[in-house]
Structure formats: structure tokens, C-alpha cells
Amino acid sequence: MNLSHHPGIQVREGIAVEIDDTIAVESRFRLYLNDQLFSEMIASDDQLKELGAGFVVCEGLADEIDSVEVRGTDIRVTAKLQGPMDKEIRSSGCIGVKNPPGKVHSALSLEKDDIYRITREIETDLWRKTGGVHCSVLFHGGELVAKSSDVGRHNTVDKVIGYAILHGIDRSSCIVGCTGRQPAGMVGKCAHAGVPVIVSRAASTDQGIAAADVAGITLICFSRGPRFTVYTHPERIRDLYRRSGDDTT
């Protein structure tokens, strides 16, 4: 990801110091779907194939993609389309598609320690350096398989799920961890992709919780340090009510 540097005056405890600060760069891209311009996108300039593939599936435009190609600032995706293509503006200001997701079917289960481990991986060096990017991670089989940083929280989810799409990973066995808030549009991305668990460091909204409940997604928010809040489908967390030191036999 490209970064820039900009001078600033930082004040700490009343003392002003001139600094050279590291700043996240936002870029503009055009998304073409089956050779038709679908939308312009503001994003960070890496993992662009993953972004295109993930966006198409996460917005419910297709279940899978046939190909994705990046030509300069153009992201060109081909896919067999399904459902409506009516666009809407989401709470983050990004373009989404009005396409209610179906139910997520998955036999995945996890334990509290898995949630703690996922949460620790969500932060990245870029997040710590700039404070201007969001991060998402993708876990499969208990292992970290993809990580993304981007100026848009929605883009990070598209990118890690796009990685799963491009690498043939079973999305019903995946967990997405994210720094970003979870309104209905964000939850819907995982629902369209068939991802059964979301772990977020941030809050949800009432409609985000409702969407997760209907879709069959386990939505875990405020996951920071030793705490987290489970809003929907807690049955996937095998030891949710077990206290440390309890006999597991």
C-alpha cells in the first residue's frame, strides 16, 4: 500500500512539536462487471483483484466469479450474475447493492480462545503507523490465511473474502475479523459470501444485529483484550459459559 508523509504540529501535554507524519493514501478505481462500468471505488491501491472478486460476491451480484483483471485503475470482473443490481449508498458513503442475503449454512464452531487470537491479529503495522486505515483478517481451519488494510472498512472485508474466492477456500468454514463497525451492509457482505462468524473490535447497529440474526451469522463485537460481546447465534461458541479452570471432562 502506498503511504505519504505530511508535516504537522503535534501537541502533547500542552507542548507543540513539529513532526513528519505517515499518512494513508486513498486512490480511485473503476469497477467493470462483464465489461460494463458498475461503479467508481475509493480504496487503497493493493489487493485489487481480491477487492474486485470480493465486492461482486459480497454484494450478492454472483456466487462465484469467472475472472478478474486489473488494468491500471480499472478492475474488470466477469461473472454469471444473479439477483437485482439496484444500487444504494451505505452508511460509510460507499456504493452497495440492494440484495437481501440468504441464510448462511455452516457446521463451524469455535472457542473463546479462538476469538481472542483472531482479535490479536486484526491490528496491523499500517493501522498503528497511520491510524487512518481499517483492517480485516480471514481465518480458516484455525489459521490466519489473509489480512488486509484499506482506507475503507468495507474494502477490507471484500479483499479478505476475495482472497478466499480466488484461492478456492470454503467460505462456510471461515471467520472474518474486522476493525470496523458492523451495520447491516457490512454484515450482509459476509452473509452473501456464506461466512458464518464475524469478530469486530467495534460496535454494531440494531440493523446489523438483526441482519446477522436472520442470516444465521454469529456476530461478536467490542472484541478488545479480554472481553467481547456476542449478539447473535452464540451456540457456535462451544465453551461460551465455561469459566477458566472448569473441568472440561
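Figures for the structure shown
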quantity: Separation of alpha-carbon centers, segment 196-225 and segment 101-154, rounded to whole Å; calculated: 13 Å
quantity: Quarter of the Cα convex hull surface for the chain, i.e. its orientation-mean projected area (nm²); calculated: 15.4 nm²
quantity: Cut-off 13 Å between beta-carbons: net charge of the residues surrounding Ser4, Lys and Arg +1, Asp and Glu -1; calculated: -3
quantity: Long-range lysine pairs (8 or more apart or interchain), segment 112-236, Cα under 17 Å; calculated: 4
quantity: Farthest toward positive dipole pole in segment 113-249 [+1 Lys/Arg, -1 Asp/Glu at C-beta], among Thr218, Pro183, Ile198; calculated: Pro183
quantity: Charge dipole (debye, nearest 20) of segment 112-236; +1 at Cβ of Lys and Arg, -1 at Cβ of Asp and Glu; calculated: 340 debye
quantity: Stretch gain in nm, segment Ile42-Leu108, where the contour uses 0.36 nm per residue and the Cα spacing is subtracted; calculated: 20.4 nm
quantity: Theoretical FRET efficiency, 1/(1+(r/R0)^6), r = Cβ-Cβ of Tyr116 and Val145, R0 22 Å, to 0.05; calculated: 0.75
quantity: Burial ordering of Tyr231, Tyr163, Tyr241, fewest other beta-carbon atoms within 10 Å first; calculated: Tyr241, Tyr231, Tyr163
quantity: Proxy reagent accessibility, fewest Cβ within 10 Å first, across Lys189, Lys147, Lys103; calculated: Lys103, Lys147, Lys189
quantity: Using alpha carbons only: equivalent-ellipsoid semi-axes of segment 133-249, gyration tensor based, whole Å; calculated: 22, 17, 14
quantity: For Glu50, Glu26, order by how many other beta-carbon atoms lie within 10 Å, fewest first; calculated: Glu26, Glu50
quantity: Highest-MSF residue in the chain out of Val199, Val151, Val160 [GNM, Cα springs under 10 Å]; calculated: Val151
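Computed from the coordinates by the stated procedures, all read-outs in this text should not be read as laboratory data. Everything numeric in this text was worked out from a predicted model, so none of it was measured. Every residue, glycine among them, receives a Cβ derived from its backbone with ideal geometry; neighbour counts consider all protein chains shown.
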